[in-house]
Amino acid sequence: MNIIKTQPKSITTEATKYCPGCGHGIVLRLIGEVVDELGIREKMILTAPVGCAVVLYDYIFCDVIECAHGRAPAVGTAIKRVYPDKFVLIYQGDGDLAAIGTAEIIHAANRGENMSVIFVNNAIYGMTGGQMAPTTLIGQKTTTSPSGRTIKGMGKPIRVCELLTTLEETKYLERTSIHSVRNINKTKAAIRKVFQNQLNGIGFSLVEILSMCPVGWKVSPREAVQFIEEQMLHYFPLGVYKDTE
């Protein structure tokens, strides 16, 4: 295995504001490594989400646009159509993509926009107080489901990859995780795949990444890793859901 010991050149030295045990920092590192390897920093435009990664622009050396909550795919569409030679990266959490931004992501995917989407799924609203998200599991306790999420009245968690597979213009969909070294390596490969697809003009590509949120889940970092392994993987199976290349 090729181990990178130096900090990616595309990542700044700014101390992140992520909570201890949060997975966003791991995803950031992987993005930086892939951007460096592909040499696309100078042509990349990133859309920062509203959520835990809201200040992503402080952590990465590239042009960044801060989007209204959930609107990153719409903004990314505009950027790509005006500047088709640019590399457009959409970065969203589960509340940003699967709640307030449901319409934007579905219609961008349905149109087959040639963009790369990184969707971080930690099954909760991490930044705003730990409320129930569209991906919160049945029985999972949050500040807005203190007795645990129930199907009646709250519905089942939304499986984004499975949902988007029904749209003919989606080209690549994969769900990965970062709860172990093995899965972190697989996640990096998936990120590289969705990046390369855009560079090759393949079309809409998305990687969903199961991530830890110890503070929002009110558990230790070790327990957060176990929660993904023992709970999330059963409802959100890992794997490639679509690859039409």
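The values are calculated or read from the model by the stated rules, or taken from the named source; none is laboratory data. This structure is a prediction, so every number in the text was calculated from the model and none was measured. Note: ideal-geometry Cβ built from the backbone for every residue, glycine included; neighbour counts use all protein chains shown.
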### Message
Out of everything in the stretch 67-88 that is at pLDDT below 95 and surrounded by fewer than 20 Cβ atoms within 10 Å (Cβ to Cβ), what residue ends up being nearest to M127 (Cα to Cα)?
### Response
H69
### Query
If you go through the stretch 90-100 one residue at a time, do you hit one that is more than 16 Å from the chain's Cα centre (by Cα), among the aromatic types (F, W, Y) and at negative phi?
no
### Query
Somewhere in the stretch 37-51, is a residue on the phi > 0 side of the Ramachandran plot and modelled with pLDDT under 95?
yes
### Task
State whether one or more residues within the stretch 160-179 are farther than 21 Å from R71 by Cα, hydrophobic (A, V, I, L, M, F, W, C), touching a strand residue (DSSP E or B) at 6+ places or on another chain (Cβ under 9 Å) and surrounded by 20 or more Cβ atoms within 10 Å (Cβ to Cβ).
yes
### Message
Regarding the stretch 134-144, can at least one residue be identified that is in a loop (DSSP other than H, G, I, E, B), touching a Gly at 6+ places or on another chain (Cβ under 9 Å) and under 18 Å from K242 (Cβ atoms)?
### Response
no
## Note on the structure
Restricting the stretch 192-216 to residues that are buried (at least 23 other Cβ atoms within 10 Å of the Cβ) and either of a type in the set (D, E, K, R) or assigned to a helix (DSSP H, G or I) (or both), the one nearest to the chain's Cα centre (by Cα) turns out to be E208
